[in-house]
Amino acid sequence: MLYREAGQFKTSYAADQAIFPIRQDQIAIALMAAIAVLGVPALANEYFLETIFVPFLVFAMAALGLNILTGYCGQLSLGTGGFMACGAFFSYKLATAFPELHIVIVFLLAGLGTAGVGVLFGLPSLRIKGFYLAVATLAAQFFLVWMFNKFDWWTNYSSSGVISAPPRELFPGLFITGTQAGPVTKYLFLLVFVAVLALVAKNLVRSRIGRTWMAIRDMDIAAEIIGIRPLWAKLSAFAVSSFYIGIAGALWAFVYTGSVEALAFEINRSFQVLFMIIIGGLGSILGSFLGAAFIVLLPILLNNGMLAIDPTISTALVSHIEFMIFGALIVFFLIVEPHGLARLWQIAKEKLRLWPFPY
(Lines give C-alpha, C1' and ligand atoms only; values in the text may rest on other atoms or scores of the structure.)
Protein backbone atom coordinates (compact mmCIF):
# COMPACT_ATOMS: atom_id res chain seq x y z
CA MET A 1 0.00 0.00 0.00
CA LEU A 2 3.05 2.28 -0.22
CA TYR A 3 2.84 3.10 -3.94
CA ARG A 4 -0.58 4.57 -4.63
CA GLU A 5 -1.88 7.46 -6.68
CA ALA A 6 -5.19 7.57 -4.80
CA GLY A 7 -5.64 10.88 -3.03
CA GLN A 8 -2.99 12.69 -5.09
CA PHE A 9 -4.92 15.34 -6.96
CA LYS A 10 -3.64 17.53 -9.80
CA THR A 11 -4.93 21.07 -10.07
CA SER A 12 -3.06 22.19 -13.20
CA TYR A 13 -1.91 20.82 -16.54
CA ALA A 14 1.71 21.39 -15.54
CA ALA A 15 1.30 19.15 -12.48
CA ASP A 16 -0.50 16.50 -14.51
CA GLN A 17 2.27 16.43 -17.14
CA ALA A 18 5.18 16.41 -14.70
CA ILE A 19 8.00 13.96 -15.34
CA PHE A 20 7.38 12.38 -11.92
CA PRO A 21 3.64 12.90 -11.20
CA ILE A 22 3.46 10.45 -8.29
CA ARG A 23 4.66 11.72 -4.92
CA GLN A 24 6.48 8.48 -4.13
CA ASP A 25 8.55 8.85 -7.29
CA GLN A 26 9.43 12.42 -6.36
CA ILE A 27 10.58 11.30 -2.90
CA ALA A 28 12.60 8.44 -4.37
CA ILE A 29 14.31 10.74 -6.88
CA ALA A 30 15.11 13.26 -4.14
CA LEU A 31 16.66 10.51 -1.99
CA MET A 32 18.68 9.17 -4.92
CA ALA A 33 19.92 12.67 -5.73
CA ALA A 34 20.95 13.20 -2.11
CA ILE A 35 22.81 9.89 -2.04
CA ALA A 36 24.52 10.64 -5.36
CA VAL A 37 25.58 14.16 -4.36
CA LEU A 38 26.39 13.64 -0.69
CA GLY A 39 26.69 9.92 0.02
CA VAL A 40 28.84 8.70 -2.86
CA PRO A 41 31.63 11.33 -2.51
CA ALA A 42 31.71 10.79 1.25
CA LEU A 43 31.74 6.97 1.21
CA ALA A 44 33.32 5.90 -2.09
CA ASN A 45 37.09 5.74 -2.31
CA GLU A 46 39.20 6.84 -5.26
CA TYR A 47 39.10 3.38 -6.87
CA PHE A 48 35.30 3.24 -6.98
CA LEU A 49 35.02 6.80 -8.26
CA GLU A 50 37.59 6.35 -11.04
CA THR A 51 36.64 2.79 -12.02
CA ILE A 52 32.86 2.70 -11.60
CA PHE A 53 31.10 6.04 -11.17
CA VAL A 54 33.02 8.21 -13.64
CA PRO A 55 32.90 5.72 -16.56
CA PHE A 56 29.26 4.94 -15.71
CA LEU A 57 28.28 8.59 -16.19
CA VAL A 58 30.29 8.91 -19.42
CA PHE A 59 28.74 5.75 -20.86
CA ALA A 60 25.28 6.88 -19.73
CA MET A 61 25.72 10.04 -21.81
CA ALA A 62 26.71 7.98 -24.87
CA ALA A 63 23.80 5.57 -24.32
CA LEU A 64 21.42 8.53 -24.05
CA GLY A 65 22.53 9.75 -27.45
CA LEU A 66 22.23 6.36 -29.14
CA ASN A 67 18.87 5.70 -27.49
CA ILE A 68 17.47 8.91 -28.97
CA LEU A 69 18.42 7.72 -32.46
CA THR A 70 17.77 3.98 -32.20
CA GLY A 71 15.26 3.68 -29.38
CA TYR A 72 13.07 6.69 -30.10
CA CYS A 73 13.53 7.23 -33.84
CA GLY A 74 14.18 3.62 -34.88
CA GLN A 75 17.35 4.37 -36.90
CA LEU A 76 19.92 1.65 -36.26
CA SER A 77 23.46 3.01 -35.89
CA LEU A 78 26.82 1.31 -35.50
CA GLY A 79 28.87 4.50 -35.68
CA THR A 80 28.77 5.49 -32.02
CA GLY A 81 32.51 5.03 -31.54
CA GLY A 82 33.30 7.24 -34.52
CA PHE A 83 31.03 10.01 -33.26
CA MET A 84 32.61 9.76 -29.80
CA ALA A 85 35.99 10.16 -31.49
CA CYS A 86 34.69 13.31 -33.19
CA GLY A 87 33.73 14.78 -29.84
CA ALA A 88 37.09 13.88 -28.30
CA PHE A 89 39.22 15.34 -31.09
CA PHE A 90 36.99 18.37 -31.68
CA SER A 91 37.20 19.27 -28.00
CA TYR A 92 40.98 18.76 -28.01
CA LYS A 93 41.47 21.06 -30.98
CA LEU A 94 39.17 23.68 -29.48
CA ALA A 95 40.86 23.52 -26.07
CA THR A 96 44.34 23.88 -27.56
CA ALA A 97 43.47 26.47 -30.23
CA PHE A 98 41.33 28.62 -27.92
CA PRO A 99 42.69 28.17 -24.38
CA GLU A 100 40.54 31.04 -23.12
CA LEU A 101 37.31 29.13 -23.85
CA HIS A 102 35.55 27.72 -20.80
CA ILE A 103 35.68 23.92 -20.69
CA VAL A 104 31.89 23.54 -20.63
CA ILE A 105 31.65 25.66 -23.78
CA VAL A 106 34.36 23.49 -25.34
CA PHE A 107 32.28 20.37 -24.63
CA LEU A 108 29.12 21.94 -26.04
CA LEU A 109 30.88 23.17 -29.18
CA ALA A 110 32.40 19.73 -29.68
CA GLY A 111 28.90 18.28 -29.41
CA LEU A 112 27.62 20.77 -31.99
CA GLY A 113 30.43 19.85 -34.37
CA THR A 114 29.65 16.18 -33.92
CA ALA A 115 25.98 16.94 -34.58
CA GLY A 116 26.97 18.35 -37.97
CA VAL A 117 28.93 15.19 -38.75
CA GLY A 118 25.96 13.09 -37.64
CA VAL A 119 23.62 14.96 -39.98
CA LEU A 120 26.06 14.39 -42.85
CA PHE A 121 26.22 10.65 -42.26
CA GLY A 122 22.48 10.56 -41.53
CA LEU A 123 21.55 11.65 -45.03
CA PRO A 124 21.44 8.03 -46.30
CA SER A 125 18.62 7.37 -43.79
CA LEU A 126 16.29 9.25 -46.16
CA ARG A 127 16.58 6.42 -48.69
CA ILE A 128 17.66 3.35 -46.75
CA LYS A 129 16.78 1.84 -43.37
CA GLY A 130 17.33 -1.20 -41.21
CA PHE A 131 20.36 -3.32 -41.99
CA TYR A 132 21.45 -1.09 -44.87
CA LEU A 133 21.47 2.00 -42.65
CA ALA A 134 23.49 0.09 -40.06
CA VAL A 135 26.08 -0.68 -42.73
CA ALA A 136 26.17 3.00 -43.76
CA THR A 137 26.81 4.11 -40.17
CA LEU A 138 29.41 1.35 -39.85
CA ALA A 139 31.21 2.93 -42.80
CA ALA A 140 31.13 6.23 -40.90
CA GLN A 141 32.69 4.48 -37.91
CA PHE A 142 35.65 3.17 -39.91
CA PHE A 143 36.10 6.37 -41.91
CA LEU A 144 36.15 8.67 -38.88
CA VAL A 145 38.61 6.55 -36.89
CA TRP A 146 40.83 6.25 -40.00
CA MET A 147 40.74 10.02 -40.52
CA PHE A 148 41.80 10.79 -36.96
CA ASN A 149 44.62 8.24 -37.24
CA LYS A 150 45.74 9.32 -40.71
CA PHE A 151 46.08 13.08 -40.35
CA ASP A 152 48.50 14.30 -37.68
CA TRP A 153 46.82 17.70 -37.57
CA TRP A 154 44.19 16.26 -35.22
CA THR A 155 46.89 15.35 -32.69
CA ASN A 156 48.90 18.57 -33.19
CA TYR A 157 51.54 16.51 -34.98
CA SER A 158 52.32 14.35 -31.96
CA SER A 159 54.82 11.61 -32.81
CA SER A 160 53.04 8.99 -30.69
CA GLY A 161 49.52 9.81 -31.89
CA VAL A 162 48.33 9.89 -28.27
CA ILE A 163 47.97 13.24 -26.56
CA SER A 164 47.01 14.26 -23.07
CA ALA A 165 43.98 16.41 -22.45
CA PRO A 166 45.05 19.89 -21.27
CA PRO A 167 44.12 20.84 -17.70
CA ARG A 168 41.08 23.10 -17.46
CA GLU A 169 39.21 24.72 -14.58
CA LEU A 170 35.49 24.75 -14.01
CA PHE A 171 35.93 27.66 -11.59
CA PRO A 172 39.17 29.38 -10.61
CA GLY A 173 41.22 26.81 -8.72
CA LEU A 174 38.77 23.94 -9.36
CA PHE A 175 40.27 21.66 -12.01
CA ILE A 176 38.08 19.02 -13.68
CA THR A 177 40.60 17.86 -16.32
CA GLY A 178 44.28 17.04 -16.15
CA THR A 179 46.37 15.58 -13.37
CA GLN A 180 45.31 18.28 -10.89
CA ALA A 181 41.64 17.22 -11.06
CA GLY A 182 40.53 15.04 -8.15
CA PRO A 183 38.15 12.09 -8.55
CA VAL A 184 35.46 13.67 -6.37
CA THR A 185 35.54 16.87 -8.42
CA LYS A 186 35.32 14.96 -11.69
CA TYR A 187 32.48 12.81 -10.40
CA LEU A 188 30.39 15.73 -9.15
CA PHE A 189 30.92 17.67 -12.37
CA LEU A 190 29.88 14.66 -14.46
CA LEU A 191 26.90 13.99 -12.22
CA VAL A 192 25.49 17.51 -12.63
CA PHE A 193 26.39 17.77 -16.32
CA VAL A 194 24.87 14.41 -17.26
CA ALA A 195 21.79 14.97 -15.09
CA VAL A 196 21.05 18.32 -16.78
CA LEU A 197 21.43 16.88 -20.28
CA ALA A 198 19.36 13.82 -19.32
CA LEU A 199 16.59 16.18 -18.15
CA VAL A 200 16.81 18.00 -21.49
CA ALA A 201 16.58 14.66 -23.33
CA LYS A 202 13.58 13.59 -21.24
CA ASN A 203 11.72 16.77 -22.13
CA LEU A 204 12.74 16.47 -25.78
CA VAL A 205 11.22 13.01 -26.17
CA ARG A 206 8.02 14.24 -24.45
CA SER A 207 7.75 17.20 -26.81
CA ARG A 208 6.48 17.55 -30.37
CA ILE A 209 9.84 16.59 -31.87
CA GLY A 210 9.96 13.47 -29.70
CA ARG A 211 6.52 12.42 -30.91
CA THR A 212 7.67 12.82 -34.53
CA TRP A 213 10.65 10.56 -33.80
CA MET A 214 8.41 7.88 -32.35
CA ALA A 215 5.97 8.15 -35.25
CA ILE A 216 8.83 7.59 -37.70
CA ARG A 217 10.01 4.65 -35.60
CA ASP A 218 6.61 2.96 -35.47
CA MET A 219 5.66 3.39 -39.14
CA ASP A 220 7.42 5.96 -41.29
CA ILE A 221 4.97 5.75 -44.21
CA ALA A 222 1.96 6.42 -41.98
CA ALA A 223 3.84 9.26 -40.29
CA GLU A 224 4.53 10.88 -43.66
CA ILE A 225 0.88 10.53 -44.65
CA ILE A 226 -0.30 12.43 -41.57
CA GLY A 227 2.09 15.31 -42.32
CA ILE A 228 5.37 14.46 -40.57
CA ARG A 229 8.40 15.23 -42.69
CA PRO A 230 10.83 12.27 -42.62
CA LEU A 231 13.73 14.53 -43.68
CA TRP A 232 13.35 16.78 -40.64
CA ALA A 233 12.53 13.97 -38.19
CA LYS A 234 15.41 11.67 -39.12
CA LEU A 235 18.07 14.33 -39.49
CA SER A 236 17.05 16.02 -36.24
CA ALA A 237 17.35 12.64 -34.48
CA PHE A 238 20.82 12.15 -35.96
CA ALA A 239 21.81 15.68 -34.92
CA VAL A 240 20.60 15.42 -31.31
CA SER A 241 21.96 11.89 -30.94
CA SER A 242 25.38 12.87 -32.31
CA PHE A 243 25.40 15.94 -30.06
CA TYR A 244 25.06 13.76 -26.96
CA ILE A 245 27.51 11.15 -28.22
CA GLY A 246 30.05 13.82 -29.13
CA ILE A 247 29.87 15.28 -25.63
CA ALA A 248 30.32 11.74 -24.26
CA GLY A 249 33.49 11.38 -26.35
CA ALA A 250 34.80 14.70 -25.05
CA LEU A 251 34.06 13.66 -21.46
CA TRP A 252 35.76 10.31 -22.07
CA ALA A 253 38.95 11.99 -23.29
CA PHE A 254 39.09 14.94 -20.91
CA VAL A 255 37.50 13.76 -17.67
CA TYR A 256 37.72 9.96 -17.64
CA THR A 257 40.95 8.83 -19.35
CA GLY A 258 42.76 12.16 -19.67
CA SER A 259 44.10 11.16 -23.11
CA VAL A 260 42.86 11.59 -26.66
CA GLU A 261 43.43 8.63 -28.97
CA ALA A 262 41.44 7.17 -31.84
CA LEU A 263 42.07 3.56 -30.79
CA ALA A 264 39.78 4.06 -27.80
CA PHE A 265 36.80 4.55 -30.14
CA GLU A 266 37.03 1.57 -32.46
CA ILE A 267 34.10 -0.68 -33.42
CA ASN A 268 34.08 -2.44 -30.03
CA ARG A 269 33.03 0.84 -28.42
CA SER A 270 30.06 1.12 -30.78
CA PHE A 271 28.88 -2.39 -29.93
CA GLN A 272 29.40 -1.74 -26.23
CA VAL A 273 27.08 1.28 -26.26
CA LEU A 274 24.58 -0.64 -28.42
CA PHE A 275 24.54 -3.44 -25.83
CA MET A 276 23.79 -0.85 -23.15
CA ILE A 277 20.58 0.37 -24.74
CA ILE A 278 19.47 -3.17 -25.63
CA ILE A 279 19.96 -4.45 -22.09
CA GLY A 280 18.79 -1.23 -20.44
CA GLY A 281 15.77 -0.69 -22.67
CA LEU A 282 15.20 0.84 -26.09
CA GLY A 283 13.18 4.03 -26.05
CA SER A 284 13.82 4.75 -22.37
CA ILE A 285 15.91 7.45 -20.70
CA LEU A 286 16.08 5.36 -17.53
CA GLY A 287 17.13 2.36 -19.62
CA SER A 288 20.21 4.24 -20.82
CA PHE A 289 21.40 4.62 -17.21
CA LEU A 290 20.48 1.05 -16.23
CA GLY A 291 22.26 -0.39 -19.26
CA ALA A 292 25.36 1.72 -18.65
CA ALA A 293 25.46 0.63 -15.00
CA PHE A 294 25.07 -3.02 -16.00
CA ILE A 295 27.81 -2.96 -18.63
CA VAL A 296 30.23 -1.09 -16.36
CA LEU A 297 29.62 -3.28 -13.31
CA LEU A 298 29.48 -6.71 -14.96
CA PRO A 299 33.18 -6.93 -16.03
CA ILE A 300 34.32 -5.78 -12.60
CA LEU A 301 32.11 -8.31 -10.82
CA LEU A 302 33.20 -11.09 -13.18
CA ASN A 303 36.90 -10.33 -12.76
CA ASN A 304 36.74 -10.09 -8.98
CA GLY A 305 34.43 -13.09 -8.66
CA MET A 306 36.51 -15.40 -10.84
CA LEU A 307 39.76 -14.33 -9.21
CA ALA A 308 38.21 -15.01 -5.80
CA ILE A 309 37.23 -18.51 -6.94
CA ASP A 310 40.51 -19.29 -8.73
CA PRO A 311 43.39 -16.82 -8.29
CA THR A 312 45.40 -18.61 -11.01
CA ILE A 313 42.80 -18.08 -13.75
CA SER A 314 44.12 -16.27 -16.81
CA THR A 315 42.88 -12.84 -17.76
CA ALA A 316 42.32 -14.04 -21.34
CA LEU A 317 39.86 -16.69 -20.12
CA VAL A 318 38.04 -14.11 -18.01
CA SER A 319 37.77 -11.85 -21.06
CA HIS A 320 36.35 -14.68 -23.20
CA ILE A 321 33.81 -15.62 -20.53
CA GLU A 322 32.79 -11.95 -20.32
CA PHE A 323 32.07 -11.87 -24.07
CA MET A 324 30.09 -15.11 -23.81
CA ILE A 325 27.96 -13.73 -20.99
CA PHE A 326 27.35 -10.50 -22.89
CA GLY A 327 26.19 -12.45 -25.93
CA ALA A 328 23.93 -14.68 -23.87
CA LEU A 329 22.40 -11.67 -22.14
CA ILE A 330 21.71 -9.92 -25.45
CA VAL A 331 19.89 -13.02 -26.74
CA PHE A 332 18.05 -13.39 -23.43
CA PHE A 333 16.76 -9.82 -23.38
CA LEU A 334 15.80 -9.86 -27.06
CA ILE A 335 13.70 -13.00 -26.52
CA VAL A 336 12.36 -12.68 -22.96
CA GLU A 337 12.12 -8.92 -22.43
CA PRO A 338 12.90 -6.84 -25.54
CA HIS A 339 12.35 -3.60 -23.62
CA GLY A 340 15.16 -4.41 -21.20
CA LEU A 341 15.73 -3.55 -17.57
CA ALA A 342 13.60 -0.41 -17.78
CA ARG A 343 10.56 -2.53 -18.60
CA LEU A 344 11.28 -4.82 -15.63
CA TRP A 345 11.35 -1.77 -13.37
CA GLN A 346 8.05 -0.59 -14.87
CA ILE A 347 6.47 -4.00 -14.24
CA ALA A 348 7.72 -3.89 -10.64
CA LYS A 349 6.01 -0.50 -10.12
CA GLU A 350 2.79 -1.86 -11.63
CA LYS A 351 2.92 -4.77 -9.19
CA LEU A 352 3.39 -2.33 -6.33
CA ARG A 353 0.25 -0.47 -7.40
CA LEU A 354 -1.77 -3.72 -7.17
CA TRP A 355 -0.13 -5.22 -4.08
CA PRO A 356 -1.43 -7.05 -2.03
CA PHE A 357 -4.28 -7.86 -4.41
CA PRO A 358 -3.68 -10.70 -6.89
CA TYR A 359 -5.44 -9.23 -9.93
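FRET efficiency for the E266 to R208 pair, using the beta carbon distance and R₀ = 25 Å, is estimated at 0.10.
The accessible-area ordering, largest first, of the residues V135, V192, V240 stands as V192, V135, V240, per a 1.4 angstrom probe.
Cα centroid separation, the stretch 35-93 to the stretch 168-198: 14 Å.
Applying 0.36 nm per residue to the separation of W153 and L43 and subtracting their alpha-carbon distance, the gain on full extension is 35.3 nm. Full extension of the chain between N304 and I325 gives 6.0 nm of extra length, using 0.36 nm per residue less the Cα-Cα distance.
Largest accessible area first, the residues E337, E46, E266, E261 order themselves as E46, E266, E261, E337 under a 1.4 Å probe with ligands, DNA and RNA left out. Can you send over the carbon and sulfur percentage of the accessible area for the stretch 65-183, probe radius 1.4 Å, protein chains only? Summing carbon and sulfur atoms, their accessible area is 70 percent of the total for the stretch 65-183.
On the basis of the beta-carbon distance and an R0 of 30 Å, A97 and D218 show a calculated FRET efficiency of 0.10.
I128 contributes an accessible area of around 60 Å² to the protein surface, as traced by a 1.4 Å probe with all chains present. The mean accessible area for residues of the chain, using a 1.4 Å probe and ignoring ligands and nucleic acids, is 51 Å² per residue.
How large is the charge dipole for the chain, taken about the Cα centre, if only the Cβ atoms of Lys, Arg (+1) and Asp, Glu (-1) carry charge, to the nearest 20 debye?
980
How high is the relative contact order of the stretch 22-354, given as a whole-number percent (alpha carbon pairs under 8 Å, six or more residues apart)? Dividing the mean separation by the residue count of the stretch 22-354 yields 30 percent.
Karplus-based coupling profile of the stretch 221-238, in residue order and whole Hz: 5, 5, 4, 5, 5, 7, x, 7, 8, x, 4, 5, 5, 6, 5, 5, 5, 4, with θ = phi - 60° in 6.51 cos²θ - 1.76 cosθ + 1.60 and x standing for Gly or Pro. When the chain is treated as a Gaussian network with alpha carbon springs shorter than 10 Å, the biggest mean-square fluctuation among V58, V336, V40 belongs to V336.
Assuming 0.36 nm per residue, please report the length gained on full extension of the stretch Q346 to A195 beyond their Cα-Cα distance. Mind showing how you got there, number by number?
Details: separation 151, 0.36 × 151 = 54.36 nm, distance 2.08 nm.
Here the segment from Q346 to A195 would lengthen by 52.3 nm.
The lysine pair count for the chain, using Cα distances under 28 Å and pairs eight or more places apart or on different chains, is 11.
The values are calculated or read from the model by the stated rules, or taken from the named source; none is laboratory data. All values reported here derive from a predicted model rather than from experimental measurement. Methodologically, a virtual Cβ is constructed for each residue, glycine included, from the backbone with ideal geometry; neighbour enumeration extends over all protein chains shown. What goes into the accessible areas is simple: the full protein's heavy atoms, side chains included, and nothing from ligands, DNA or RNA. Shrake-Rupley method; radii C 1.70, N 1.55, O 1.52, S 1.80 Å.
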